[in-house]
Amino acid sequence: AQSVAQPEDQVNVAEGNPLTVKCTYSVSGNPYLFWYVQYPNRGLQFLLKYITGDNLVKGSYGFEAEFNKSQTSFHLKKPSALVSDSALYFCAVRGSSGTYKYIFGTGTRLKVLA
Amino acid sequence: EAGVAQSPRYKIIEKRQSVAFWCNPISGHATLYWYQQILGQGPKLLIQFQNNGVVDDSQLPKDRFSAERLKGVDSTLKIQPAKLEDSAVYLCASTESFTGYNEQFFGPGTRLTVL
């Protein structure tokens, strides 16, 4: 069965410092991996995805994520955090067969401190 | 292009009452999803449509929840009767296709409070 784990409920980082939000996954076959961000009272917004190819994928707002097959991880990163990055971040995995269902993690709240 | 539209944005009802939510996906998107997001949790898929057919409704509590997408465009999700534990944000999302690698586009959600 597919699953996604986000081990940290909250990540605090100082503005200007690099940030990492962790995600590990379990899926049979090739994973399709996604990161979404949710601001208060808003729906989820797509940040980036890994389908195939380069392990480092770049997305919106300066975010990037590194796919590591051996560690089954897809951590979200940004070299220099902004206060405006403070939000709820969700990792999701989609199966490559069957119903192609998306499974979301429980979310990590990122707090960037000025 | 216009995004995914949902209404209402907020709804407060008493337990045992019924409620309906509406979603209009991005034009041309064949696949539509309804999710339930309970506070502090990630979105949980309730039902997935491909055009007007149901692909997955394995996590839909069918004794009280129902959903339809009759013409393969907009969709309604109904709860009847509502329970306290149904208090959540109901998110609608759409993608261009069923099997592709496309990301989902989400609406703003409907926040349901059951008293």
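Values quoted throughout were computed directly from the atomic coordinates according to the rules given, and no laboratory measurement underlies them. Everything quoted here is computed from the prediction, not taken from an experiment. All Cβ positions, even for glycine, are placed from backbone atoms using ideal geometry, and neighbour counts span all protein chains on display.
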Listed residues A:27, A:6, A:16: farthest to the positive end of the dipole of region A:1-100 (Cβ charges): A:27
Longest to shortest principal axis, alpha-carbon extents of region A:41-94, angstrom: 34, 25, 17
Would you give the gap between the C-alpha center of region B:1-55 and the C-alpha center of region B:75-115, rounded to a whole Å? 3
Over 26 Å, how big is the tail of the calculated P(r) for chain B, in percent of all Cα pairs? 13
Step through the residues of region B:82-91 one at a time and calculate ³J(HN,Hα) from phi using the Karplus curve (6.51 cos²θ - 1.76 cosθ + 1.60, θ = phi - 60°), rounding each to whole Hz and writing x for Gly and Pro. 7, 10, 4, 6, 7, 4, 5, 9, 9, 9
Which one of B:105, B:49, B:21 has the biggest mean-square fluctuation once chain B is modelled by GNM with Cα springs under 10 Å? B:105
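Give me D for chain A in µm² s⁻¹, whole number, from Stokes-Einstein with Rh from the Kirkwood sum over alpha-carbon pairs, 37 °C and 0.692 mPa s.
Using the Kirkwood radius from Cα pairs, D works out to 232 µm²/s.
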Quick one: which residues, 5 or more positions from residue A:23 or on another chain, have an amide H under 5 Å from its amide H? H modelled 1.01 Å from N in the peptide plane, none for Pro or chain starts. A:74, A:75, A:76
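What average count of beta carbons from other chains do you get within 10 Å of the Cβ of residues in A:37-43?
Mean shielding by partner chains, rounded to a whole number: 5.
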Length-normalised contact order for chain B - Cα pairs under 8 Å, 6+ apart - percent: 37
Given the pairs A:49/A:101; A:111/B:11; A:69/A:111; A:78/A:111; A:111/B:15, which span a C-alpha to C-alpha distance of over 25 angstrom in this model? A:111/B:11; A:69/A:111; A:111/B:15
Relative pair counts by distance (%), Cα atoms of the protein assembly as shown, 5 Å bins: 1, 7, 14, 18, 19, 16, 12, 7, 4, 1, 0
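Over chain A, what is the relative contact order in whole percent, taking alpha-carbon pairs under 8 Å and six or more residues apart?
So the answer I get is 37 percent.
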Take the alpha carbon atoms of region B:36-81, find their radius of gyration, then divide it by 2.2 N^0.38 Å using N residues; give the quotient. 1.20
Under 5 Å, built H, 5+ apart or other chain: amide partners of residue A:11: A:109, A:110, A:111
Positive minus negative residues near residue A:41 (Lys, Arg vs Asp, Glu; Cβ under 11 Å): +3
Working from the alpha-carbon coordinates of region B:1-52, get Rg over Rh, Rh being the Kirkwood radius. 1.00
Once you charge only the Cβ atoms, +1 for Lys and Arg and -1 for Asp and Glu, what is the size of the charge dipole of chain B about its Cα centre, to the nearest 20 debye? 460
Nonlocal amide H pairs with residue A:81, under 5 Å, H built at 1.01 Å: A:16, A:17, A:19
From the gyration tensor of the Cα coordinates in region A:1-63, what semi-axes in whole Å does the equivalent ellipsoid have, largest first, with each one equal to sqrt(5λ)? 22, 15, 14
Which whole-Hz couplings ³J(HN,Hα) result when phi for each residue of region A:83-90 is put into the Karplus expression 6.51 cos²θ - 1.76 cosθ + 1.60, θ = phi - 60°, listed in order with x for Gly and Pro? 4, 5, 6, 4, 5, 9, 10, 10
